[in-house]
Amino acid sequence: MLEITPVLNGNRKEPLYLQLYTYIKDEIYSGNIAPSIRLPSVRKLSDYLQVSRNTIEAAYQQLVAEGYVESRPRSGLYVTPMDKEPLFLQNLLPVPSQSGNEWSRNEAGACLYDFKYGTIDPDSFPYAAWRKAINQCVHPDEQELLFYGEPIGEYGLRAQIASYLRQARGVSCCAEQIVLGAGTQQSLGMVCQLLGTDKRKIAMEEPGYDGARIVFENCGWSTAPIPLEDDGLSLEKLEKSEAKLVYVTPSHQFPYGMVMSITKRLKLLQWARECGGIIIEDDYDGEFRYTGKPIPSLQGLDAGENVIYMGTFSKSLLPSLRISYIVLPRRLMEEYKRKFGAYGQPVSRMQQKALQLFMESGEWERHIRRVRNIYHKRNFALLESIKTIMQEKVRIIGKDSGLHMLLEVRSRRSEEELIEAAEKYGVKVYPTSRYWVHPPKMGHPFILLGFGGLSEEKIEQGIRRLHEAWFS
Ligand SMILES: Cc1ncc(COP(=O)(O)O)c(C=O)c1O
């Protein structure tokens, strides 16, 4: 029988089937279980490992669902051959070692350490509480949820969001000013249509969020990149740009991570008042600040007259939920209803209601407290690992909040070369050049590391490998 000898530990939080699934997946990745090999039958493996057949079946089902393994009728389960590699794996396949590096060859260099930005910790997702909320919605008492809802979103959820934003983010708002959307880009698209797509120019931080830039450009707006200073975008350059709209990430600049100073916030609000400008504030991960006090929103400083505030549940709860929100100044809210009153709401009504119940029950607050703690530890682990292992070979940028950091790598290699070198050592890190309209021609490359989806242990191991890849 094919040797499958995982160390399964019933005391771990992770269920046994997941431990087994991860073990087999990693063995397939690393080539220890070759393509086309038949996996042992459920009965045999369960006898051998002394775990229930359900555990084995669940692990196998997961492997089949993700395409690592395929079922052949009346024959059994076989490891998927290379030419049938699941699509999502293709990017992660080990790059053949050119340097002959033993480490990468032995361990096949599969990307075991993926510092992907935008990933959350899947083990912290409140499965039971979420399931309970969903079950409450899928019930004959809630038949209303089977029909079309309010175009701007369910009132109950909007009221919950408004109350949360007032308390936790200092946003000045009520439920009537909130419009729900299916993610930041969809919400931004609505903002563009609201403000008019006629030859408008919007200023953006440089570097800044490319996901927003593409929406503005697709809506026919031109973008004016405004360089960053230590405390946020340059107001002088903003004025010179003559744009009357600006998109900013003041609580945690994306991707650099700085906080916009209070002086600059007040000046920016003054700029908007004086020129009739509008500020779009994207508060995408304001929940996660690890040192000092949370940074209240820019919108709250102005009673929200010239600021369109935006937020998302992607970082704080679940990216696949696809729920975001806009808080509109009152005068724009009227305009919004006139223009889009006949549009359907893009977020499923059941998901909205489930989120509302989840928030009302206090689970949301508990969840935020719990994950803030987890991400704080991961943030610390990443910082400490980089400081002790890489020392002065890199400069860390944006270390106090959010779910990512940038590394300025003091190396002669390009961004692309650094990423490739890392991949050969089984580490996936990400480019930053796409965040610039005019990427800097001089200086060292910047690499993005997301840490939301990696345990502290994996973070430390990943940084060790990265160090080997870049500096050995
Ligand atoms: C600056 C910024 N805003 C918003 C988002 C979240 O977008 P969404 O709500 O579409 O998940 C991200 C995610 O990467 C981001 O980096």
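Test GLN253 against the criterion of being surrounded by fewer than 19 Cβ atoms within 10 Å (Cβ to Cβ) and within 13 Å of the ligand (Cβ to nearest atom), and give yes or no. Even if it seems obvious, please write down each step before you answer.
On the way: surrounded by fewer than 19 Cβ atoms within 10 Å (Cβ to Cβ): no; within 13 Å of the ligand (Cβ to nearest atom): yes.
Judged against the criteria, GLN253 is not a match.
Quick check on segment 149-156. Is at least one of its residues open to solvent by less than 70 Å² (accessible area, probe 1.4 Å), within 16 Å of the ligand (Cβ to nearest atom), outside any loop (DSSP other than H, G, I, E, B) and under 23 Å from GLY286 (Cα atoms)? No, the conditions are met nowhere in segment 149-156.
Each residue in segment 401-436 was checked for being over 22 Å from the mean Cα position of the chain (by Cα) and assigned to a loop (DSSP other than H, G, I, E, B), and 6 of them qualify.
Applying the condition of being of a type in the set (Phe, Trp, Tyr) and within 16 Å of the ligand (Cβ to nearest atom) to segment 108-145 and asking which residue is nearest to ILE463 (Cα to Cα) yields PHE115.
Does ASP230 meet the test of being more than 14 Å from the ligand (Cβ to nearest atom), outside the structural domain of LEU406 (by TED's automatic domain parsing) and among the acidic types (Asp, Glu)? Judged against the criteria, ASP230 is a match.
Considering segment 13-77, the qualifying helices (runs of 4 or more DSSP H), each wholly inside and each with 1 or more residues that are hydroxyl-bearing (Ser, Thr, Tyr) and under 26 Å from TYR127 (Cα atoms), run over 16-29, 53-65. Can you pull out the residues in segment 10-22 that are among the polar types (S, T, N, Q) and either open to solvent by 60 Å² or more (accessible area, probe 1.4 Å) or within 15 Å of VAL69 (Cβ to Cβ) (or both)? Listed by number, the residues that qualify are ASN11, THR22. Restricted to segment 195-217, and to residues there that are modelled with pLDDT of 95 or more and surrounded by fewer than 19 Cβ atoms within 10 Å (Cβ to Cβ), the residue that is farthest from the ligand (Cβ to nearest atom) is LYS201.
The number of residues in segment 160-191 being within 15 Å of the ligand (Cβ to nearest atom) and in a helix (DSSP H, G or I) comes to 10. Does segment 278-293 hold any residues that are open to solvent by 10 Å² or more (accessible area, probe 1.4 Å) and aromatic (Phe, Trp, Tyr), and which are they? TYR284, TYR290 - these are the residues of segment 278-293 that are open to solvent by 10 Å² or more (accessible area, probe 1.4 Å) and aromatic (Phe, Trp, Tyr).
Has segment 345-362 got at least one residue that is at pLDDT 95 or above, farther than 30 Å from PHE446 by Cβ and exposed (fewer than 14 other Cβ atoms within 10 Å of the Cβ)? There is at least one residue in segment 345-362 that is at pLDDT 95 or above, farther than 30 Å from PHE446 by Cβ and exposed (fewer than 14 other Cβ atoms within 10 Å of the Cβ). Condition (residue is of a type in the set (Lys, Arg) and at pLDDT 95 or above) applied to segment 130-144: is it met by at least one residue? Checking segment 130-144: at least one residue is of a type in the set (Lys, Arg) and at pLDDT 95 or above. For segment 281-326, a residue qualifies if it is part of a loop (DSSP other than H, G, I, E, B) and either in contact with a Gly (Cβ under 6 Å, 6 or more places away or on another chain) or within 10 Å of the ligand (Cβ to nearest atom) (or both), and the qualifying residues are ASP283, TYR284, ASP285, PHE288, PRO296, SER297, PHE313, SER314, LYS315, LEU318, ARG322, ILE323.
The values are calculated or read from the model by the stated rules, or taken from the named source; none is laboratory data. The structure displayed is predicted, hence computed values, not measured ones. Reconstructed Cβ throughout: ideal geometry from the backbone, glycine too, with neighbour counts over all protein chains shown. Protein only, heavy atoms only, side chains kept; ligands, DNA and RNA dropped before computing areas. Shrake-Rupley method; radii C 1.70, N 1.55, O 1.52, S 1.80 Å.
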